[in-house]
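S.K.: For reference, the structure I am asking about is given below.
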Amino acid sequence: MTQDGRETRPGEQGDGAPAETPLDRELDALFAQLDIERAPPGLTRRLYRIPQEQRGRRSWWQRLLAPGPGPRWVLVPALAVALLAVGVALMSPRQPSQEEIFQARHDLAVAFSYIDRAGVLTGQEIQAVLGGELRHTVKDNLSKHIPFTEQSRKEETT
Amino acid sequence: MSRKFRQWVDEYQDQAWTLARYLLKDSAEAQDACQEAFVKLWKNQDRIDPERIRPWLMKVTRNLCLDRLRRRHPTQEWQEWQQADESPGPMQGAEQQQLGEWLKHSINGLTEPYRSLVVLRDVHQHSYEEVASVLELSLPQVKVYLHRARKQLREQLAEVRP
């Protein structure tokens, strides 16, 4: 680029000076012959297909975030509305069907029967353990403090 | 966005293609390299300054071509390619058109970065600044290297002139 903004031609110096020798001029003429080659039509078709192919390879979130016809900020309220809809759907009371009520009652009855049975067994276990323990505790303490004589043994046996 | 991309294809495909052809000397590979460069352009379009699309694309195309050449010529062949290419024999008394063909071969015979420099500057008519940006060279380096490249071509031309 020259200082006046003009493109320098091949062979021309950067300061705008013309080519120096006849060979330079000839080289310039030859360069002028070398046009930029036209890309083959097959390549052009391949290049045109790139956007379509690349879009197909995007994952769902890339497609979601990809710039569409509208501005991107539209996504924010759209996402908020979708979340709100899901929340409302989850929070709203649902009326159970008759079958579900019957099944729930049946399950509850079974659960209570198990709890009852477990309660009875636990009670028996507690009685068995605590009863024996209490008897031993009282008897052992008494025998420690009351003098055990031959007389008392006889009394005990009679 | 797709329309804009199509516009870029129309505008720059020939330049990318010519550069790839000069570097790879193989039509099929040059097409693949161009396609790869444009795929990168599509993927990075949001990150590229719209004013710098052309130098960006040329740089990527060139780098992709050089990668392919390195893969193609892993050791000795790559060095041979670096050194020189076989140019056609002297064309004593050749016509102007034949000289044009000779020049193409001579450009192919240049080593890097001289070859890319000549293609970008003398064939594509890019500005020095743009060439410097594509090749990641300073402006003085571009001018010096271009001078060297032209000197080589001039000397070869002197040999084939009748």
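S.K.: Taking interchain pairs and intrachain pairs at least six residues apart, which have beta carbon atoms under 6 angstrom, with the first residue in segment B:13-24 and of a type in the set (D, E, K, R) and the second in a helix (DSSP H, G or I) and crowded, with 23+ Cβ neighbours inside 10 Å?
M.R.: B:Arg21/B:Ala30
S.K.: Oh, and also: Does A:Gly68 meet the test of being surrounded by 12 or more Cβ atoms within 10 Å (Cβ to Cβ), at pLDDT below 65 and in contact with a helix residue (DSSP H, G or I) (Cβ under 7 Å, 6 or more places away or on another chain)?
M.R.: no
S.K.: I'd like to verify a number: residues in segment B:106-162 that are in contact with a helix residue (DSSP H, G or I) (Cβ under 8 Å, 6 or more places away or on another chain), part of a helix (DSSP H, G or I) and among the acidic types (Asp, Glu), how many?
M.R.: Final tally of qualifying residues: 3.
S.K.: Give the residue, chosen from B:Gln31, B:Gln35, that is touching a Leu at 6+ places or on another chain (Cβ under 6 Å) and in a helix (DSSP H, G or I).
M.R.: Only one candidate passes the filter, namely B:Gln31.
S.K.: Go through segment B:137-150 and report how many residues are surrounded by fewer than 19 Cβ atoms within 10 Å (Cβ to Cβ) and facing chain A (nearest Cβ under 10 Å).
M.R.: Within segment B:137-150, residues that are surrounded by fewer than 19 Cβ atoms within 10 Å (Cβ to Cβ) and facing chain A (nearest Cβ under 10 Å) number 4.
S.K.: Another one. Any idea which of A:Thr44, A:Thr158, A:Thr137, A:Thr122 is touching an Asp or Glu at 6+ places or on another chain (Cβ under 9 Å) and either modelled with pLDDT under 90 or surrounded by 10 or more Cβ atoms within 10 Å (Cβ to Cβ) (or both)?
M.R.: Of the residues listed, the single one that is touching an Asp or Glu at 6+ places or on another chain (Cβ under 9 Å) and either modelled with pLDDT under 90 or surrounded by 10 or more Cβ atoms within 10 Å (Cβ to Cβ) (or both) is A:Thr44.
S.K.: Still on this structure, please answer the following. Report the residue count in segment B:23-56 for those that are closer than 20 Å to A:Pro41 by Cβ, modelled with pLDDT under 90 and not aliphatic (A, V, I, L, M).
M.R.: Number satisfying all stated conditions: 3.
S.K.: Still on this structure, please answer the following. Exactly one of these conditions fails for B:Gln97: (1) modelled with pLDDT under 85; (2) within 24 Å of B:Lys151 (Cβ to Cβ); (3) within 14 Å of chain A (Cβ to nearest Cβ). Give me its number.
M.R.: (2)
S.K.: Also, quick follow-up: State all residues of segment A:20-39 that are surrounded by 13 or more Cβ atoms within 10 Å (Cβ to Cβ), touching a helix residue (DSSP H, G or I) at 6+ places or on another chain (Cβ under 7 Å) and either among the hydrophobic types (A, V, I, L, M, F, W, C) or within 23 Å of B:Trp8 (Cβ to Cβ) (or both); if no residue qualifies, say none.
M.R.: A:Leu23, A:Leu27, A:Leu30, A:Phe31, A:Leu34, A:Ile36, A:Glu37, A:Ala39
S.K.: Taking B:Val134, is it within 20 Å of A:Ala39 (Cα to Cα), surrounded by 19 or more Cβ atoms within 10 Å (Cβ to Cβ) and modelled with pLDDT under 90?
M.R.: No; evaluated as a whole, the condition is false for this residue.
The values are calculated or read from the model by the stated rules, or taken from the named source; none is laboratory data. Since the structure is predicted, the reported quantities are computational estimates derived from the model, not experimental observations. In this analysis, Cβ positions are derived from the backbone assuming ideal geometry, glycine residues included, and neighbour counts consider all displayed protein chains.
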